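K.L.:
This structure is in C-alpha cells; I'll ask about it shortly.
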Amino acid sequence: MNWKRIFITVLRVGIGWHFLYEGITKLFAPEWSAYNYLINSTGFMSGFYEGLASSPALMKIVDVLNIYGLIVIGLALFLGILIRYAAIAGTLLLTLYYFAYPPVGFSLYGGSEGNLYIVNRIFIEAMALMVLIFIKDKGYGLYAISLSMFKKEAGKGEDTASEELTNSRREMLKNMATVPALGLVGWGAFRESQKYGPDALSGATIQVGAMDLSELKGELPKGKIGDHEISKLVLGGNLLGGWAHSRDLIYVPSLFRAYNTEKKIFETLMLAEQAGVNTINIGFVTNPVIEKYKKVTGGKIKVISQVHPDMENDDYYVNIDKAIDHGCEIIQVQGNWCDWLVRDGRIDVVEKMLDHIRKQGCVAGLASHTVDALIACEEEGIIPDYYMKTMHHDQYWSAHPMDNRVPFEVDGKKHIDHNRFHDNIFCLFPDRTVEFVNRAKVPVMGFKILAAGAIPPEDGFRWAFQNGADFICVGMFDFQIVKDVNITIDVLDDMSLRPREWYG
C-alpha cells in the first residue's frame, strides 16, 4: 500500500472540501456578501479591501468570484483535476484572506481564524497548498485516469499500452474513490443544512463582532473634558471586569468573567473604537489589561481610570501615580470612595487627591453614587474638572420605596428585606441629582444610567441626556455596541427640551 500517496490524497481532499464547503454555503446563504469582511479589514492593506467594498459594482464581481472560485478550486482539489492550477489559485485566494486581517498588531485579536502571531489557520493551509504545487506526486484522483488514457494513445506498442492499461485498471478504483467520497460528505453536509440552515459563518467570511458596523446610523458625537475630545457614549468597564451588580443572581458575575476572556475584551474594544466609542472608564485594577490591549493592537482608546486612596498607609496618591504610569491622562476619584470619605468626615482626602491629579498634568474627575457627597464637596469649594454621577430614574420593578432609601447606602449592606437596598438602585434620589447636575458648571458624565440592566437603553439614555448629562458611561458587551451607538445618535438628535446647556 502506497502510504505516501494516501497521505497526499487525504491532505488534498481535506483542503478541497474546505474550499468547496465555503463556496457552497455562501452560495446558498441568503443575501451573503463579502462586504462586511472587506469593509472591516484592519491590516496595512485595508485601504485596498475597503476600496473594493465601497463600490457596489465591484462588490458584485467580488462576491461572484469569491463564491464560484471557492467552488471550482474545491472541486478540482477534491476530485483531482488540474491540481497544480487549483493549488496556485487557492494559495492566491488565501493570501488575499490573510492580508485582510494579518495576525499582527491591531488585527491580532480581531479575526476568527485562530490567530497566533503571524501564523493562523489561513497561513498553514496556504503552506499546505504550496506543497501540492511543488511535489510531483499529487495522490489519487481523476487526473491519473486521464493520464493513463493519454499514455495509451501516445504511440506506444500495443502490448506495452495494453499492460499499462491493465495496471491502470487496478488503480482506477483508487483514483475514482474521491467521487463517491464527495457524494458521501456532500450528502452529510446537505442533511445538516436542511436541519440547521446554511452555515454563513464559515471561515474567511466575517470578523467576529464587526458584522454590524454597516448598520451604524452615522458618526457618534463627541465633546471635550479638559483638552480631551471624547465620545458622548463612553464604554463602561464593569462588564469587562465582571462587576455585574446583579442583585441576588449570584451566578452572573462569574458568567460575565467567563464570557469576557482577554481575547473577547480586545475584540470588544476594537469594535467599540471602530463604532466611534473612543473612551473607556475603568476600575483601577483593569488598567494592565487596557494597557496590554493598546500595546498589542495599536488601539487608541482613551482611558479614564478610577482611583482610590490607601487609607491604611495614609497614602492618598499611590494609585494616582500608578494610573499615570499606565498611561492614563484622565483620572477620577472612585464613586464609592468619594461617598465613604465624605460620609466619614475625610473630605480633605478628596480635595488632596484632586489637587495631586491636576499637579501631574491630568484631568481630575470626581464620581459619586450619593448626590449628598457631591453637594458637600461643592459647599467646601471642591470643584473637579468634571463630575461623574449615577443618573437614572426609579421607575423600574426592583427599585425599593423612596421612604426606605438612606444616603450613602449604595455599596453598603445588602438587606434581605425586599423594601430595602440590595444592590438594586444607584441613583437614590433622582430629583436631587437632576437639580444638582443642572446647576453644575463643569461637564457631567452620567453612569449606571440603566440601573445595571433594569432600564431599557432607549429610556435610560434619553433620561440621562435630557436631565443634564453631557456624556453617558454604559457597560456594553460586544454585541450591544452598535445598537447603543445608534440609540445615542437618535437621542442626541432630539434634545430640544433639554434645559441645561451643554458643557464640554
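K.L.:
Need the list of aspartates and glutamates near Lys264 for cross-linking: C-alpha distance under 17 angstrom, and skip anything on the same chain fewer than eight residues off.
P.N.:
Glu113, Asp212, Glu273, Glu291, Asp478
K.L.:
Starting from the Kirkwood radius over alpha-carbon pairs of the range 230-492, derive D by Stokes-Einstein at 10 °C in a medium of 1.306 mPa s and give it in µm² s⁻¹.
P.N.:
It comes out at roughly 85 µm²/s.
K.L.:
In addition: So what is the relative contact order for the range 31-96, in percent, with contacts set as C-alpha pairs under 8 Å and at least six apart? Could you put the intermediate results ahead of the total?
P.N.:
Numbers: 38 pairs, mean separation 13.3, N = 66.
20 percent.
K.L.:
Moving on. Filter the DSSP H helices in the chain by two things, a Kyte-Doolittle mean of at least 1.6 and an axial alpha-carbon span of 30 angstrom or more, and list the hits by number.
P.N.:
Numbers: long enough: 3-28 (37 Å, 0.65); 56-79 (34 Å, 1.96).
Counting only whole DSSP H runs, the qualifying helices are 56-79.
K.L.:
Return a whole-number percent for the relative contact order of the chain, with Cα pairs under 8 Å and 6 or more residues apart as the contact set.
P.N.:
Relative contact order for the chain comes out at 13 percent.
K.L.:
Identify the GluC sites (Glu not before Pro) of the range 349-396 meeting these criteria: DSSP loop state and at most 16 other C-beta atoms within 10 Å of the C-beta.
P.N.:
Passing sites in the range 349-396 are Glu380.
K.L.:
On to the next question. Answer with one residue from Ala244, Ile382, Asn2: the one whose Cα lies farthest towards the positive end of the charge dipole of the chain, charges on Cβ with Lys, Arg +1 and Asp, Glu -1.
P.N.:
Farthest towards the positive pole: Asn2.
K.L.:
To continue, here is another question. Is there a quick way to get the dipole size of the range 296-353? I mean about its Cα centre, with the Cβ of Lys and Arg at +1 and of Asp and Glu at -1; what is the value in debye to the nearest 20?
P.N.:
Numbers: 6 positive and 11 negative charges, 80 e Å.
In debye, rounded to 20, the range 296-353 gives about 380.
K.L.:
What aspartates and glutamates sit close enough to Lys232 to cross-link, taking a C-alpha to C-alpha distance under 12 Å and skipping anything fewer than 8 places away on the same chain?
P.N.:
Glu219, Asp470, Asp484
K.L.:
Sticking with this structure for a sec: For Lys138, which lysines qualify as cross-link partners when the Cα separation must be under 17 Å and same-chain residues fewer than eight apart are set aside?
P.N.:
Partners within reach: Lys4, Lys174.
K.L.:
Just want the ordering: Ser305, Ser496, Ser54, from fewest to most Cβ atoms lying within 10 Å of their own Cβ.
P.N.:
So the ranking, lowest neighbour count to highest, is Ser496, Ser54, Ser305.
K.L.:
Follow-up question, since we're still on this one. Taking neighbour Cβ counts within 10 Å as the exposure measure, how do Leu79, Leu11 sort from fewest upward?
P.N.:
Values: Leu79 23, Leu11 16.
Starting with the residue having the fewest Cβ neighbours, the order is Leu11, Leu79.
K.L.:
Can you give the charge dipole size of the chain about its Cα centre, rounded to the nearest 20 debye, using +1 on the beta carbon of Lys and Arg and -1 on the beta carbon of Asp and Glu? Kindly include the intermediate steps, with their values, before the conclusion.
P.N.:
Values: 49 positive and 59 negative charges, 473 e Å.
Its charge dipole is roughly 2280 debye.
K.L.:
Further, regarding this structure: Out of (i) 145; (ii) 160; (iii) 190, which label holds the value of volume of the Cα convex hull per residue in Å³ that was computed here?
P.N.:
(iii)
K.L.:
If you don't mind, there's one more thing I want to ask. In percent, what relative contact order does the range 230-492 have, based on Cα pairs under 8 Å that are 6 or more apart in sequence?
P.N.:
Reported as a whole number, the value is 20 percent.
K.L.:
Considering only C-alpha atoms, what is the centroid distance from the range 480-495 to the range 308-349, in Å?
P.N.:
33 Å
K.L.:
With +1 on each Lys and Arg Cβ and -1 on each Asp and Glu Cβ, how big is the dipole of the range 230-492 about its Cα centre, in debye rounded to the nearest 20?
P.N.:
740 debye
K.L.:
For the range 337-418, state which chymotrypsin sites (Phe, Trp or Tyr not before Pro) are in a DSSP loop and have at most 10 other beta carbons lying within 10 Å of their beta carbon.
P.N.:
Trp397
K.L.:
Where both partners of a DSSP beta bridge lie in the chain, what percent of those bridges are antiparallel, to the nearest 5?
P.N.:
Restricted to the chain, the bridges split so that about 15 percent are antiparallel.
Just so you know, all these numbers are worked out from the coordinates, no wet-lab data involved. Nothing here was measured: the structure is a model prediction, and the numbers come from that model. For neighbour counting, all protein chains shown are included, and Cβ atoms are generated from backbone atoms with ideal geometry for every residue, glycine included.
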